[in-house]
Amino acid sequence: MKINQQCVVALTWTLKDTLGEELDVLDEPVEFLLGGHDLLAKIEEALLNHKAGDTVELQLEPNDAFGDYDDRLLFLEPRHLFPAELEEGMGFEGLPPGGNANAPKDRLYFVSDIYPDHVVMDGNHPLAGIALRIRLKVHAVREAEESEIGKGSLGTGFFRMQVDGPDELQGPGLTEPGPHTLH
């Protein structure tokens, strides 16, 4: 079966920056819904008409991937609003109560710097502003079930940064400390 607008594909990938530095590797196949919110539009477009066993390579400019870095998504928040156990890289769904009221509420924020009195929270995707090279391998293709199409996702939308739904800035929905990858 060839990949079409409303199907499920099982993929692995290697993601690199334009200098060839490896940023992420998905070794075990994961299923994604095409025609939903699971994959970036350019990735879906590149996969169309391919079949199981095919390999697809493409370069994504920031506009087609995670957008340009937006310094308006940086917020300096009082340290006392955060738990005592705080590490750089931790993610939060929105800013804590008492944080900047102008900050978008439905976004994932990552701790980028910790100071004695303040914490810098970043609402940008960790790969914002970076051109990417991705090599995808298609392991399986199947028709999407009606319930999957209705949800618009298989729950594997690793590219989203908005908590309540899709957004123009997308990325991994991680909320724990440690190295953040796309899966």
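Please determine whether any residue of the range 97-105 is within 30 Å of Gln6 (Cα to Cα) and surrounded by 13 or more Cβ atoms within 10 Å (Cβ to Cβ).
no
Only residues that are among the charged types (D, E, K, R) and in a loop (DSSP other than H, G, I, E, B): list them for the range 66-84, please. Full working, then the answer.
Our first condition is that a residue be among the charged types (D, E, K, R); within the range 66-84, this holds for 68, 70-72, 77, 79.
Across the range 66-84, the qualifying residues are Asp68, Asp70.
Looking at (1) out of contact with any helix residue (DSSP H, G or I) (no Cβ under 6 Å at 6 or more places or on another chain); (2) surrounded by 15 or more Cβ atoms within 10 Å (Cβ to Cβ); (3) in a strand (DSSP E or B), which is the one condition that is false for Glu148?
(3)
Given the conditions (1) buried (at least 16 other Cβ atoms within 10 Å of the Cβ); (2) touching a Ser or Thr at 6+ places or on another chain (Cβ under 7 Å); (3) not hydrophobic (A, V, I, L, M, F, W, C); (4) not in a loop (DSSP other than H, G, I, E, B), which single one is not true for Gly36?
Only one criterion is unmet by Gly36, namely (4).
Would you check if Leu86 is in contact (Cβ under 8 Å) with a residue 12 or more places away in the chain and more than 24 Å from Asn63 (Cβ to Cβ)? Before you say what the answer is, go through the steps one by one.
Details: in contact (Cβ under 8 Å) with a residue 12 or more places away in the chain: yes; more than 24 Å from Asn63 (Cβ to Cβ): yes.
In short, yes.
Being basic (Lys, Arg) and assigned to a helix (DSSP H, G or I) narrows it down to one of Lys42, Lys51, so name that one.
Values: Lys51 fails: assigned to a helix (DSSP H, G or I).
Result of the check over Lys42, Lys51: Lys42.
Out of the range 127-149, which residues are among the small types (Gly, Ala, Ser) and within 13 Å of Lys51 (Cβ to Cβ)? Show your work before the answer.
The first filter runs over the range 127-149 and keeps only residues among the small types (Gly, Ala, Ser), leaving 128-129, 131, 140, 144, 147.
The one that is among the small types (Gly, Ala, Ser) and within 13 Å of Lys51 (Cβ to Cβ): Ala140.
Kindly list the number of the only condition in (1) modelled with pLDDT of 95 or more; (2) not assigned by TED's automatic domain parsing to the domain that holds Leu39 that fails for Gly98.
Every listed condition holds for Gly98 apart from (1).
Output yes when any residue across the range 53-74 is within 27 Å of Gly155 (Cα to Cα), buried (at least 18 other Cβ atoms within 10 Å of the Cβ) and among the charged types (D, E, K, R), and no when none is. Write out each step before concluding.
Residues of the range 53-74 that are within 27 Å of Gly155 (Cα to Cα), as a first pass: 53-70, 73.
Then drop every residue that is not buried (at least 18 other Cβ atoms within 10 Å of the Cβ), which leaves 60, 65-67, 73.
With the extra rule that they be among the charged types (D, E, K, R), the set shrinks to none.
Taking every residue of the range 53-74 in turn, none turns out to be within 27 Å of Gly155 (Cα to Cα), buried (at least 18 other Cβ atoms within 10 Å of the Cβ) and among the charged types (D, E, K, R).
State all residues of the range 114-139 that are in contact (Cβ under 8 Å) with a residue 40 or more places away in the chain, in a loop (DSSP other than H, G, I, E, B) and surrounded by fewer than 17 Cβ atoms within 10 Å (Cβ to Cβ); if no residue qualifies, say none. Write out each step before concluding.
Step one: list which residues in the range 114-139 are in contact (Cβ under 8 Å) with a residue 40 or more places away in the chain, which gives 118-139.
Of the ones still in play, those that are also in a loop (DSSP other than H, G, I, E, B) are 123-131.
Matches in the range 114-139: Gly129, Ala131.
The values are calculated or read from the model by the stated rules, or taken from the named source; none is laboratory data. Just so we're clear, the structure is a prediction, and the values are computed from it rather than from any experiment. Cβ sites come from the backbone with ideal geometry, for glycine too, and all protein chains shown count toward neighbours.
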